[in-house]
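The values are calculated or read from the model by the stated rules, or taken from the named source; none is laboratory data. Worth saying up front: this structure is predicted, and the values here are computed from it rather than measured. Here the Cβ positions follow ideal geometry from the backbone for every residue, glycine too, while neighbour counts run over all protein chains shown. Areas reflect the complete protein model, heavy atoms only, side chains present, ligands, DNA and RNA absent. Shrake-Rupley method; radii C 1.70, N 1.55, O 1.52, S 1.80 Å.
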Amino acid sequence: MRHFRATPYAKARSKELRRDMTASERHLWYDYLSKHTPRFHRQRPIGPYVADFFCPDATLIIELDGDVHGGEAQIQHDDQRTHYLENYGFRIIRFRSKDIFKNFEGICAEIENAIGDPTIKGKRY
């Protein structure tokens, strides 16, 4: 896989985001992904963007969308970002942040499914 040089903005932003994780990000990271094999990285800068969670072995990016992602402008930005990342071979799955607390086991199962199925691409839950 090609190495993506992070922009200075993405590097700085990723450090902020790791320090100030949301409750849903903390839950998914500490209770599941931090111990997972294959390995995941949190708040990983990739080019001009920061992926919430990234598994290089599965070329998989997991995004948690909070309430701010409901607006039309943010949806367009997310779609543009997804298109950029998919053009480089990454697969992106998205979950709503509030669903982490409502259906944690189901989301973990969906992540396992995505890791095992390389055809899953651009799925939004």
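A Cβ-based charge dipole, computed about the Cα centre of segment 43-102 with Lys and Arg at +1 and Asp and Glu at -1, lands at about 140 debye. Calculated mean residue ellipticity at 222 nm for the chain: -13500 deg cm²/dmol, from DSSP H runs with n ≥ 4 weighted as -39500 (n - 2.57), summed, divided by the residue count and rounded to 500. Between ARG26 and GLU72, the FRET efficiency from the beta-carbon distance, with R0 = 25 Å, is close to 0.30. Each of HIS27, HIS36 has its accessible area taken with a 1.4 Å probe; listed largest first, they run HIS27, HIS36. Here the average projected area of the convex hull drawn through the C-alpha atoms of the chain stands at 7.2 nm².
Between TYR84 and LYS11, the distance separating the two model label sites (each 7 Å from Cα on the Cα→Cβ line) works out to 1.7 nm.
Largest first, the three principal axis extents of the alpha carbons in segment 23-96 are 35, 28, 17 Å in whole numbers.
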